[in-house]
1. Each residue of segment 75-84 in turn: what ³J(HN,Hα) in whole Hz from Karplus with 6.51, -1.76, 1.60 and θ = phi - 60°, glycine and Pro shown as x?
2. One quarter of the convex hull surface, Cα atoms only: what value does that give for segment 39-94 in nm²?
Amino acid sequence: MARDVQSVFERKETKYRLSADQYRAILDALEGRLAPDAYGSTVVKSAYFDTEQRDMAARSLEKPFYKEKLRVRGYGIVDKDDTVFVEIWRPRRG
């Protein structure tokens, strides 16, 4: 199944760690107001790549201001003819 491919892509993610009580409180607050969309239960699989010497992992552990990772990501159950995305992942600083 081929999909249109966007050549320039910007994603911003902000993640928060929740306690079990906070998680339940959020679910309770959303009950009857919002429902998961079609992507709410989508499987996302990512494979990260590095050199044989693990240079990218070693650099990441140094906590540099700028780092990047090469990954291949697929959404849903990916078959051999499906579209996957090759991304250079860079964490946002701010």
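Every number in this text was worked out from the coordinates using simple rules, so none of it is lab data. Predicted model, so just to flag it, every value in this text is computed and none were measured.
1. For segment 75-84, the Karplus-derived couplings read 10, x, 7, 8, 9, 4, 9, 7, 7, 10 Hz, x marking Gly and Pro.
2. The orientation-averaged projected area of the Cα hull of segment 39-94 comes to 5.5 nm².
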